[in-house]
Amino acid sequence: MRRRDFIQQAASGTAAIAIGAIGLQSFTNFKSKKKITILHTNDVHSHIDAFGSEDGRNANKGGVARRASLIESIRKENAHTLLLDAGDIFQGTPYFNYYGGELEFKIMSKLKYDLATIGNHDFDNGIEGLYAQLPYADFEFVSANYDFSNTIMDSHTKPYKIFLKDGIKIGVFGLGIELKGLVDPSLSKETKYLDPVEISQEMTRTLKVDEQCDLIICLSHLGYHYRNNPNKISDLKLASLTKNIDLIIGGHTHTFLPKPTIVKNADDKNMLVNQVGCYGLNLGKIDFYFDSEKNKSVNGTSIIV
């Protein structure tokens, strides 16, 4: 059912993903620590089926069924797991053209996604089209820097959401890319884009100080990095300009990372940025370990589906 040109584009954009480990602190005495697992996807773009045997470097990879089995096995290993998505759920195969996003949200609900943010392509059927599919999503959306107050999406997203897993308080907030030049105003209507750095400072202050979160995650659709435009806000730039974010889960640029990138934040402390490419070819897996005083260590992996 896929368009041939889309398959060729997908095949040319993939890269080998290695399993790697990174450390913010020592990895000693894992058994005595609490373990929180963060699973994540981005830019799945309506890819429901696995790629076929003839699809180049993507051959026999991806697909919802395989991802579901992988997620289920990881949840059996650790019940304290969150499943997140960094946007661009819609657009890319005829499934979206035919069902308008209903199938994507139903499948994510079956996979028990906990939370997602909104990407620019999620406006492709207009903000009314996105709104119309919300009843099929058994998970919530976070978007702190899109002001939907004058649109039909008003009150249907939150700036952040807090989860409690094994006594660990996890705050997750969402950021979207500037829509100007990417999304026709007739589709996004009166959605207002707010500065992601200012909003992140506000969110981290709220989550760290007011909510006393032990782990802060940003679900971002800003893009990993723009080599030809280094001044454009990206995940790497956001990481360096802010503090108290432990992990940025990114999207938009379809960046295949062999392992999460360690970045020095505004306080010169280590934090992580990760992105797992596109089309459901990979699943990100980040394990955070907390000792009795809630000091953190981390192990990051990208898994080929």
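Here are some notes:
- Of the residues examined, Asp49 is not one that is of a type in the set (D, E, K, R), buried (at least 18 other Cβ atoms within 10 Å of the Cβ), under 15 Å from Gly92 (Cα atoms) and modelled with pLDDT of 95 or more.
The rows are residues; the columns are (1) within 18 Å of Val298 (Cβ to Cβ); (2) among the charged types (D, E, K, R); (3) surrounded by 14 or more Cβ atoms within 10 Å (Cβ to Cβ).
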position	(1), (2), (3)
Leu194	no, no, yes
Gln201	no, no, yes
Leu219	yes, no, yes
Lys243	yes, yes, yes
Leu247	yes, no, yes
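- Selection from the range 163-181 of residues that are hydrophobic (A, V, I, L, M, F, W, C) and loosely packed, with under 15 Cβ neighbours inside 10 Å: Leu164
- Pairs meeting the criteria (first residue in the range 54-70 and within 16 Å of Val44 (Cβ to Cβ) and in contact (Cβ under 8 Å) with a residue 24 or more places away in the chain, second residue acidic (Asp, Glu) and surrounded by 13 or more Cβ atoms within 10 Å (Cβ to Cβ), beta carbons under 9 Å, at least 6 apart or on different chains) are Lys61/Asp55; Gly62/Asp49; Gly63/Asp49; Val64/Asp49.
- Note on the range 230-273: residues that are among the polar types (S, T, N, Q), assigned to a loop (DSSP other than H, G, I, E, B) and more than 16 Å from the chain's Cα centre (by Cα) total 4.
- Some residue of the range 259-267 being in contact (Cβ under 8 Å) with a residue 40 or more places away in the chain, surrounded by 24 or more Cβ atoms within 10 Å (Cβ to Cβ) and under 26 Å from Lys34 (Cα atoms): yes
- Selection within the range 80-99: residues that are out of contact with any helix residue (DSSP H, G or I) (no Cβ under 8 Å at 6 or more places or on another chain) and either touching a residue at least 60 places away in the same chain (Cβ under 8 Å) or crowded, with 24+ Cβ neighbours inside 10 Å (or both). The member of this set that is farthest from Leu175 (Cα to Cα) is Pro94.
- Number of the condition not met by Ser109 [criteria: (1) in a helix (DSSP H, G or I); (2) buried (at least 17 other Cβ atoms within 10 Å of the Cβ); (3) under 18 Å from the mean Cα position of the chain (by Cα)]: (2)
Let's see how each residue does on (1) over 20 Å from Tyr113 (Cβ atoms); (2) of a type in the set (Ser, Thr, Tyr):
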{"site": "Asn229", "(1), (2)": "yes, no"}
{"site": "Leu238", "(1), (2)": "yes, no"}
{"site": "Leu241", "(1), (2)": "yes, no"}
{"site": "Asn244", "(1), (2)": "yes, no"}
{"site": "Leu247", "(1), (2)": "no, no"}
{"site": "Thr255", "(1), (2)": "yes, yes"}
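Here is a yes/no grid of residues against (1) of a type in the set (D, E, K, R); (2) touching a Lys or Arg at 6+ places or on another chain (Cβ under 8 Å):
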position: Gly167; (1), (2): no, yes
position: Val172; (1), (2): no, yes
position: Pro185; (1), (2): no, no
position: Ser188; (1), (2): no, no
position: Glu198; (1), (2): yes, no
position: Leu207; (1), (2): no, no
position: Ser220; (1), (2): no, no
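- Complete set of residues in the range 182-200 that are under 18 Å from Asp122 (Cα atoms) and assigned to a helix (DSSP H, G or I): Pro185, Ser186, Leu187, Ser188
- Check on Pro196, more than 23 Å from Thr253 (Cβ to Cβ), at pLDDT 95 or above and within 21 Å of the chain's Cα centre (by Cα): no
The values are calculated or read from the model by the stated rules, or taken from the named source; none is laboratory data. Treat the numbers as computed from the prediction; the structure is a model and nothing was measured. Because the Cβ atoms are built from the backbone with ideal geometry, glycine has one as well, and the counts that use them run over all protein chains shown.
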